[in-house]
Amino acid sequence: MAADDFKKIGNVVGVHGVKGTIKAAGIEAAFSPGDEILLRCNGRPGETFAVKWSKPHKSIFLTKLKGLRDRTKAESFIGCGIWTENALVHELDADTYFWEDLIGISVSTVDGKFLGKVDSIIETVSNDVYVVKNDDDGNEILIPAIERMIKEISTTAKTMVVDIPEGL
């Protein structure tokens, strides 16, 4: 299958137990048994696995993959992206986005002040936090992904408009 047939939907953030179960963050729902996912890290080719089972656990998903049988092998995938076939990507609810679609978009305030670009996203128990970096002045700002702060996101225009309180 070609690389463009896959979409990044999350990341491996840890392992659970000794039998190779991974902790998946950034995904919207548990995988179904038989789904194929690709674990891909920078600098090395991806490896495809079939899902054995997947279930929610706290703010992440525990996922058991066929062929991933021990903790050591599973640990080698920590930090890797989780990719799935485009055909398996379900339509998201309004105001819900894949992290991959938000990384790199330009962020401005409601009055038009450019703050920077989304560099990364931090997952917390209550909400995600966007790490916005401005390469021009070196500033970095953390913006909680909450309705009262995020006023508009356009993944097609690659823009985000925020209303942040003074001093943030």
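The values are calculated or read from the model by the stated rules, or taken from the named source; none is laboratory data. None of the values given here were measured: they were computed from a predicted structure. As a convention, Cβ positions derive from the backbone with ideal geometry for all residues, glycine included, and neighbour counts pool all protein chains shown.
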Test result for G10, out of contact with any Pro (no Cβ under 7 Å at 6 or more places or on another chain) and within 24 Å of L102 (Cα to Cα): yes
Residue tally, condition at pLDDT 90 or above, closer than 10 Å to L102 by Cα and not charged (D, E, K, R), over segment 155-168: 2
Residue under evaluation D136, criteria (1) modelled with pLDDT of 85 or more; (2) in contact with a strand residue (DSSP E or B) (Cβ under 9 Å, 6 or more places away or on another chain); (3) within 22 Å of S54 (Cα to Cα); (4) in a loop (DSSP other than H, G, I, E, B), criterion not met: (3)
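Quick grid of which residues meet (1) surrounded by fewer than 11 Cβ atoms within 10 Å (Cβ to Cβ); (2) under 18 Å from I9 (Cα atoms); (3) assigned by TED's automatic domain parsing to the domain that holds R40; (4) aliphatic (A, V, I, L, M):
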position: L115; (1), (2), (3), (4): no, no, no, yes
position: V118; (1), (2), (3), (4): no, yes, no, yes
position: D135; (1), (2), (3), (4): yes, no, no, no
position: M149; (1), (2), (3), (4): no, no, no, yes
Condition broken by P56, with the remaining ones in (1) surrounded by fewer than 16 Cβ atoms within 10 Å (Cβ to Cβ); (2) outside any strand (DSSP E or B); (3) not small (G, A, S) satisfied: (2)
Selection from segment 109-128 of residues that are under 23 Å from G81 (Cβ atoms), at pLDDT 90 or above and not basic (K, R): G116, V118, D119
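One line per residue, one yes/no per condition, for (1) in contact with a strand residue (DSSP E or B) (Cβ under 6 Å, 6 or more places away or on another chain); (2) at pLDDT below 90:
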residue: M1; (1), (2): no, yes
residue: S32; (1), (2): no, yes
residue: R44; (1), (2): no, yes
residue: K52; (1), (2): yes, no
residue: L65; (1), (2): yes, no
residue: E75; (1), (2): yes, no
residue: C80; (1), (2): yes, no
residue: D93; (1), (2): no, yes
residue: W99; (1), (2): yes, yes
Lone unmet requirement of (1) at pLDDT 90 or above; (2) at positive phi; (3) not small (G, A, S) for K58: (1)
